[in-house]
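The values are calculated or read from the model by the stated rules, or taken from the named source; none is laboratory data. Note that this is a predicted model, so its numbers are computed, not measured. Note that each Cβ is placed from the backbone with ideal geometry, even for glycine, and that neighbours are counted across all protein chains shown.
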């Protein structure tokens, strides 16, 4: 059995070296490869363990909840190859039994990103943005009655993705 102090130290080290929120900037997510950041809404809290994991062994998933937005969930999944991201996208839709309500594209830092809108049997709206070539699947799952008030922060979340140029 691992002593409590050793477990906490090991947990802290794993937390620091996984793709998650930057130290000192509680609402900035940085992926483990240091290739992108996402600005989360104020007050976003990471779940342990994550509540959805569509990438499985092909990457890492992180889920976040928001204070004051009951049953809302933000999913950030990073993956290693574009096909893994497309596979994770379909796994997510299947897992939530989501039905398409509309598709659009967002121009983000010179990239054309597909954004999908779906409904689920549980009365929730699912918004997805798949950055397939950049290793990111972003999704927001939110109750229908909360969607109108959340549209702005969901849009801001999608447009907050920044790609880090490696030298």
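Here are the numbers for this structure:
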read-out: Condition broken by residue 61, with the remaining ones in (1) touching a strand residue (DSSP E or B) at 6+ places or on another chain (Cβ under 6 Å); (2) in a loop (DSSP other than H, G, I, E, B) satisfied; value: (2)
read-out: Residue tally, condition surrounded by fewer than 17 Cβ atoms within 10 Å (Cβ to Cβ) and in a strand (DSSP E or B), over the stretch 120-150; value: 1
read-out: Members of the stretch 84-108 that are assigned to a helix (DSSP H, G or I) and touching a strand residue (DSSP E or B) at 6+ places or on another chain (Cβ under 8 Å); value: 84, 85, 86, 88, 89, 92, 93, 96
read-out: Residues within the stretch 112-142 that are more than 18 Å from the chain's Cα centre (by Cα) and touching a residue at least 40 places away in the same chain (Cβ under 8 Å), tallied; value: 0
read-out: Answer residue from the stretch 72-82, given it is surrounded by fewer than 21 Cβ atoms within 10 Å (Cβ to Cβ) and farther than 20 Å from residue 27 by Cβ and is modelled with the lowest pLDDT among those; value: 82
read-out: Residues (without any contact (Cβ under 8 Å) to a residue 60 or more places away in the chain and out of contact with any helix residue (DSSP H, G or I) (no Cβ under 9 Å at 6 or more places or on another chain)) located in the stretch 150-159; value: 151, 152, 155, 158, 159
read-out: Candidates 67, 41, filtered to the one that is at pLDDT 90 or above, under 25 Å from residue 144 (Cβ atoms), outside any strand (DSSP E or B) and out of contact with any strand residue (DSSP E or B) (no Cβ under 6 Å at 6 or more places or on another chain); value: 41
read-out: From 110, 102, 116, residue being closer than 15 Å to residue 154 by Cβ and exposed (fewer than 12 other Cβ atoms within 10 Å of the Cβ); value: 102
read-out: Residues satisfying the stated conditions in the stretch 106-117, i.e. in contact with a helix residue (DSSP H, G or I) (Cβ under 9 Å, 6 or more places away or on another chain) and within 16 Å of residue 86 (Cα to Cα); value: 113, 114, 115, 116
